[in-house]
């Protein structure tokens, strides 16, 4: 076993998740590389020191360049706002250091393209954790094996209700495109669609601000979006993202239909996959709730008992395992920065489609 010094830029919600994951991944997956929490960076020296003490880092700084350039920091995790991603990644790659960057990749397509170019020849990975549940990994296996036949339809969503109440005051979440639904929630179901269904050829989108005014002022970004998509396979699908979906807390969900069966998944019940098989007498057909267990991908390292379940933090630990594996082998693991760029391009196509009220080809962006 060998140690590797980890530096995390950003100590907030996702910074904590990645720090915990790096602390646990060696024990969970018995990785050859064992992370050492070397340095954390935050916007002030005081907050950086708070995160250092809370998460177990050796050192803290309020200067991301000091972190990236430190010789004891051997791999970088970017868990800071989107507008910071590009500069941190470019400097890290210039030093030959592997980079894991939280989604979305930068703040727009231009950032994404620059980051992909900088990542050429280096280990790079973008964070889309929800698709890594054992249930969704199993769904991918079922589709790839042909278990539900030729795919005929896809419906995906990511719906939450943290801004459903119009009396919720304005905040950083209600300002700037990167913090709207298209920048915050939509990348997840888009990534899901790409993973399970393949590339998207074209789309028609409608993006809307449901509550343009809130206590405190104007809302300058979007609340929800509908997308009708045509996959390169020819299959028609839909994607919906919303932060005003009353009653939904973690509505990362999808339904995929095929000629031999169908799959349903809901992130509010992330340890189950609903599987329908078009076999046997019609009177006995119906969706079967499959509880995940040691027979499903990446479950057994966390728990020996079927149905006991994994959680949100476990998804981040699986990501950490994949990042370490890529560093160890020198071969990138999906999703790479290039995969993250495709998500950015789809969001740009959706923005343009909504403005023009017309279909747009993703390849134009």
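The values are calculated or read from the model by the stated rules, or taken from the named source; none is laboratory data. All values derive from a computational prediction rather than experimental measurement. Here the Cβ positions follow ideal geometry from the backbone for every residue, glycine too, while neighbour counts run over all protein chains shown.
Before moving on, here are some points about what is shown:
- Subset tally (residues that are in contact with a strand residue (DSSP E or B) (Cβ under 8 Å, 6 or more places away or on another chain) and under 20 Å from residue 196 (Cα atoms)) for the stretch 317-342: 9
- Among the residues listed as 270, 300, the single one being under 15 Å from residue 133 (Cβ atoms) and in contact (Cβ under 8 Å) with a residue 24 or more places away in the chain: 270
- Scanning the stretch 283-340 for residues that are surrounded by 14 or more Cβ atoms within 10 Å (Cβ to Cβ) and on the phi > 0 side of the Ramachandran plot turns up 298, 309.
- Here residue 284 meets the list (1) within 30 Å of residue 208 (Cβ to Cβ); (2) free of Cβ contacts under 8 Å to residues at least 60 places away in the same chain almost entirely, failing just condition (1).
- Residue within the stretch 202-211 that is assigned to a helix (DSSP H, G or I), touching a residue at least 60 places away in the same chain (Cβ under 8 Å) and in the same structural domain as residue 151 (by TED's automatic domain parsing) present: no
- Hits in the stretch 233-269 - residues which are within 17 Å of residue 136 (Cβ to Cβ) and out of contact with any strand residue (DSSP E or B) (no Cβ under 8 Å at 6 or more places or on another chain): 250, 269
- Given (1) within 30 Å of residue 246 (Cα to Cα); (2) within 21 Å of the chain's Cα centre (by Cα), number of the condition residue 166 does not satisfy: (2)
- Qualifying residue in the stretch 229-240 (condition: touching a residue at least 60 places away in the same chain (Cβ under 8 Å), in the same structural domain as residue 176 (by TED's automatic domain parsing) and within 18 Å of the chain's Cα centre (by Cα)): yes
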